[in-house]
Amino acid sequence: MTEPDVRKGMPPVKIAREEFERRYRSQFADPAFVPLQRELDAVVSAAWDAYSHSRKSPVTRKAGEGFADPDYELSVDWLAARAAILEAQRRHDDARENPRILILNGSARSEHTCPGEMSKTWRMVKLAEPVLSGMGFAVDILDLSRLTAEFGKNIHPCKSCVSTAMPLCHWPCSCYTNYSLGQTSDWMNEIYPLWVAAHGILIATPVNWYHVPGGLKAMMDRLVCADGGNPDPTSTHGKKAVEAKALELTGWPYPRHLAGRHFGLIVHGDSVGAEGVRRTLSDWLTDMQLISAGRFGEMDGYVGYMEQYATSHQALDEDRPFQREVLNTAIALGRAVQLARSGQFGDPGAELSDPAPK
């Protein structure tokens, strides 16, 4: 068998205390903090101590029964995230519970921050919501615009642990929170259970320069652990690359933690890229073994094509065929989930038809 080989050689990233203090204190530029300099000095000193000693997870407890190494100290944050996922999976599997649909707003635009106006994507989410709740689903909405408009909402970037070895990518992600680097308030620990509990996921997103918006892409990257991720960090003793490579080389089962859920897609643009983004999202979800709601469950199109942005909401007001497509997508996803839960086979869009062109 090939021996694990871990490559090193990147430049160091540790910074000196002076630079650390400059960056840390930049959070407190508001004059309101001027009278609190003595208190800030103490906080900065404690933060430097955490950083210089790399205390990523300062509060831990023994993993306990059910883990490969019961004596390994696991982050209490990770254990809480794991417990939330297990509870979400229980709800998902309980036939007595109402089936759940997660509707995701992928737009970064919000009336609560500098654009000062809601996104068209949000309006599409709100068109779909009553359709699905009217079909008997419990509907959760994940509004990624909160990343730009709400204090303390972060999705930190994926560190690509999976590219070193799949078992190094833990389910749920154990890369965050990292207190020593100030990488806190990671929203993904709340987002993972929403995906797990859902029987269907409806993603609505605009096109930003031929791609999905940055917040949506960050979430997608961080969902890599849902597709083959290791549910036992003690098996790699945290982030020990050599141990993870050794595990992968013996044969990794790649557990598909979201397999079998259905998905629908609503992708809209103003000039180019909608079809490409819709195909990319469909490929991503299919690779994770989620199931498309079919032809009517995936749509891409344009609102106010090549028109002024200032009138784009009016363009959506007037585009009844586009609105009908949004409704069809929600219906197709709902029917796909209903068919799956009843054990029946059929076309979720069998009774739907394409709306008439404008």
Just grab the label-to-label distance for residue 341 and residue 183, each label 7 Å out from Cα along the Cβ direction, in nm (one decimal).
3.7 nm
In the range 88-177, chymotrypsin sites (Phe, Trp or Tyr not before Pro) in a DSSP loop with at most 10 other beta-carbon atoms within 10 Å:
151
Within the range 195-291, chymotrypsin sites (Phe, Trp or Tyr not before Pro) in DSSP loop having at most 15 other beta-carbon neighbours inside 10 Å:
209, 210
Using 0.36 nm per residue, how much length does the chain from residue 41 to residue 190 gain when fully extended, once their Cα-Cα distance is taken away?
50.4 nm
Quick check for me: using +1 on Lys/Arg Cβ and -1 on Asp/Glu Cβ, what's the dipole size of the chain about its Cα centre, in debye to the nearest 20?
360 debye
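Find the all-direction average of the projected area of the Cα convex hull for the range 96-223, expressing the result in square nanometres with one decimal place.
9.7 nm²
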Cut-off under 22 Å on the C-alpha distance; same-chain residues fewer than 8 positions from residue 56 excluded. Which lysines are left, in chain and number order?
8, 14, 153, 159, 239, 240
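Which trypsin sites (Lys or Arg not before Pro) in the range 27-119 pass both tests, a DSSP loop state and at most 15 other beta-carbon atoms within 10 Å?
Here the trypsin sites (Lys or Arg not before Pro) that fit, given the DSSP loop and packing criteria, are 55, 96.
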Where the convex hull is taken over the Cα atoms of the range 267-358, what is its projected area averaged over directions, in nm²?
6.5 nm²
Could you derive backbone 3J(HN,Hα) for the range 10-23 from the dihedral phi with the Karplus parameters 6.51, -1.76 and 1.60 (θ = phi - 60°), listing whole Hz in sequence and x where the residue is Gly or Pro?
7, x, x, 10, 5, 10, 6, 4, 4, 5, 4, 5, 4, 5
What are the residues whose amide H is under 5 Å from the amide H of residue 264, where those residues sit 5 or more places off or on another chain and H is modelled from the backbone?
201, 202, 203
Given the options 16, 241, 204, state which has the largest fluctuation in a GNM of the chain using a 10 Å cut-off (strictly under) for Cα springs.
16
Pseudo-spin-label distance residue 86 to residue 14, built 7 Å along Cα→Cβ, given in nm, is 3.8 nm
Calculate how steeply helix 188-197 sits against the longest principal axis of the alpha-carbon atoms of the chain, using the helix alpha-carbon long axis, and give the answer as 0 to 90 degrees to the nearest 10.
40 degrees
Anisotropy class of the range 45-154 from Cα gyration tensor, a/c 1.5 cut:
oblate
Normalise the Debye intensity by I(0) for the chain, one equal point scatterer per Cα, no solvent, then take log10 at q = 0.13 Å⁻¹ and round to two decimals.
-1.11
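Give me the extension gain from residue 305 to residue 73: residue separation times 0.36 nm, minus the current Cα-Cα distance, reported in nm with one decimal. Spell out each step's value before the answer.
Values: separation 232, 0.36 × 232 = 83.52 nm, distance 5.54 nm.
Gain on extension, residue 305 to residue 73, equals 78.0 nm.
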Comparing 27, 308, 344 in a Gaussian network model of the chain (Cα, 10 Å), the one with the largest mean-square fluctuation is 27
If R₀ is 41 angstrom, what is the calculated FRET efficiency for the pair residue 59 and residue 160, using the beta carbon separation as r and rounding to 0.05?
0.95
What aspartates and glutamates does residue 126 reach when the alpha-carbon gap must be under 13 Å and sequence neighbours fewer than 8 apart in one chain are set aside?
140, 143
The distance between the Cα centres of the range 235-279 and the range 116-147, in whole Å, is 24 Å
Which value in deg cm²/dmol, rounded to the nearest 500, describes the helix-derived mean residue ellipticity at 222 nm for the chain, given -39,500 (n - 2.57) per DSSP H run of n ≥ 4 and division by the residue count?
-12000 deg cm²/dmol
Taking the 0 to 90 degree range and rounding to the nearest ten, how far is the long axis of helix 76-93 tilted relative to the main principal axis of the chain, both from C-alpha atoms?
30 degrees
Can you list the residues, at least 5 places off or on another chain, whose amide H is less than 5 Å from the amide H of residue 154, using H built in the peptide plane?
187
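Here, each number is a calculation from the coordinates, and none is a lab measurement. No experiment lies behind these values; they were computed from the predicted model shown. Please note: Cβ atoms are built from the backbone with ideal geometry, for glycine as well, and neighbour counts cover all protein chains shown.
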